[in-house]
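The structure under discussion appears below in the form of structure tokens.
Bear in mind these aren't lab numbers, they're just calculated from the coordinates by the rules spelled out. Predicted model only: the values in this text are computed from it and were never measured. As a convention, Cβ positions derive from the backbone with ideal geometry for all residues, glycine included, and neighbour counts pool all protein chains shown.
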Amino acid sequence: MNKNPLFILHIAVFLFGFTAILGKLLSIQEYSLVWWRMLISSLVFLVFPRFFSELKKLNKRQIYLFLGIGFLVALHWITFYGSIKAADSASLTLACFGLTASFTSILEPIILRQRLRVYELLLGLVAFGGIYFIYLASPNTSIPTANFNKALTYGVVSSFLAALFSSLNAKHIKHTNPIQVTFLELVGGFVLVSIYFLFDNKNDFQWLSSNEDILWMLLLTVVCTNLAFVLNLQAMKKLSAFTANIAINLEPVYGIILAAFIFNENQNLNLMFYIGTAIILATVFLHPIFRSIAEKKFPKKQVP
């Protein structure tokens with residue numbers, strides 16, 4: 001296997017981007033989908049070497065904290081896949097996912113008690129301008145307006161939740177093993193969705209009843225969650241933050257290209273959608289560049 005860390009990271013990011021495609025391929029709805037994903041992925045982590053010895057190093061406060069953050073992860077995935085199911089479009093959801101960096105630029109300074117950076121706020125405003133262009137695309141697409149707007153709303157909420165739990169992880173994950181933290185968050189999310197089903201009067205829980213669904217779920221969990229996570233960790237140990245951020249930002253790009261290739265979604269979306277998507281992705285790629293410039297300009301100060 002190629003041991004180039006950048007190549008390995010791109011494989012991981014490609015697999016992360018493929019999760020949206022698998023979410024569309026799976027016939028089960030978002031709550032059951034997330035329940036199965038969190039259950040199977042957490043069980044796979046149990047077979048990792050030295051898993052339990054590392055888990056014992058966490059104190060009770062840390063365990064409860066990461067279980068709680070897992071609630072946010074579950075809500076993020078529910079809204080993420082809910083967005084895909086609402087409009088039957090992975091591209092629309094992935095375009096919204098580009099807002100995660102903008103939300104993070106607002107939430108992380110608050111959570112970590114740092115100064116807000118002016119250029120990040122400006123990039124965030126530009127990114128939301130991109131969402132407006134996508135919103136304008138709805139009357140001219142083949143997707144019904146109500147479904148389009150629901151998917152757009154879920155996608156924006158999903159991006160906010162992703163930024164929120166990522167910022168909380170950035171604050172609390174120091175001096176802990178990421179694999180054990182991820183396991184606890186998966187378990188926490190699994191518990192939350194299980195509680196939902198206990199009180200669900202509609203009995204919405206769905207089994208993996210077809211061979212296709214079983215195959216897609218195994219790919220989603222073992223390959224696009226567990227394997228992708230390990231590859232990402234392996235690469236991040238050897239890459240600079242700048243290089244890693246640029247590569248990670250390709251996740252929605254890979255996903256949108258895959259959606260066009262596999263589902264021909266480009267035929268259902270118009271120019272306004274792609275203008276909005278381009279604006280959002282431009283802010284995502286410009287962010288690490290501006291940050292790198294600011295850090296060089298103010299090497300001994302907090303980046304303004």
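Using the 10 angstrom Cβ neighbour count as an exposure proxy, how do Ile173, Ile293, Ile280, Ile21 rank, fewest first?
Exposure proxy ranking, most exposed first: Ile293, Ile173, Ile21, Ile280.
Counting Lys and Arg as +1 and Asp and Glu as -1, each charge on the Cβ, what is the dipole of the range 5-297 about the Cα centre in debye, to the nearest 20?
Its charge dipole is roughly 1220 debye.
Going down the list Lys3/Lys171; Lys60/Lys171; Lys3/Lys237; Lys171/Lys296; Lys85/Lys171; Lys238/Lys297, which pairs span over 21 Å between their C-alpha atoms?
Too far apart for the 21 Å limit: Lys3/Lys171; Lys171/Lys296; Lys85/Lys171; Lys238/Lys297.
Rg and Dmax in Å for the chain, alpha carbons only: what are they?
19.2, 58
Go ahead and set up a Gaussian network model of the chain, Cα springs under 10 Å, then flag whichever of Gln234, Gln267, Gln29 fluctuates most.
Evaluated over the chain, the most mobile residue of the options is Gln267.
Among Ile111, Leu9, Trp77, whose Cα lies farthest out toward the positive end of the dipole of the chain, if unit charges sit on the beta carbon of Lys, Arg (+1) and Asp, Glu (-1)?
Ile111
Based only on other Cβ atoms within 10 Å, what is the fewest-to-most ordering of Leu33, Leu55?
In increasing order of surrounding Cβ atoms, one gets Leu55, Leu33.
Among the complete DSSP H segments of the chain, which ones combine at least 24 Å of alpha-carbon extent along their axis with a mean Kyte-Doolittle hydropathy of -0.5 or more?
Within the chain the helices that satisfy the rule are 5-25, 60-87, 118-137, 145-172, 178-198, 271-297.
The chain: longest stretch without exposed trypsin sites (Lys or Arg not before Pro) (DSSP loop, at most 14 other Cβ within 10 Å), sites themselves excluded?
Counting at most 14 other Cβ atoms within 10 Å as exposed, the longest clean stretch of the chain is 239-299.
Any idea what the alpha-carbon Rg over 2.2 N^0.38 Å comes to for the range 1-140?
1.28
Given only helices, namely DSSP H runs of n ≥ 4 each adding -39500 (n - 2.57), what is the per-residue ellipticity at 222 nm of the chain, to the nearest 500 deg cm²/dmol?
-24500 deg cm²/dmol
Find the relative contact order for the range 5-297 and round it to a whole percent, using C-alpha pairs within less than 8 Å whose residues are 6+ positions apart.
Across the range 5-297, relative contact order equals 41 percent.
Would you work out which of Thr225, Leu25, Leu67 lies farthest towards the positive end of the dipole of the chain, given +1 charges on the beta-carbon of Lys and Arg and -1 on that of Asp and Glu, about the Cα centre?
Leu67
Would you mind calculating the relative contact order of the range 73-156 from Cα pairs under 8 angstrom and at least 6 residues apart, reporting the percent as a whole number?
47 percent
In the Gaussian network model of the chain, springs joining C-alpha atoms below 10 Å, which of Phe80, Phe273, Phe205 carries the largest mean-square fluctuation?
In this elastic network of the chain, the residue with the biggest mean-square fluctuation among Phe80, Phe273, Phe205 is Phe205.
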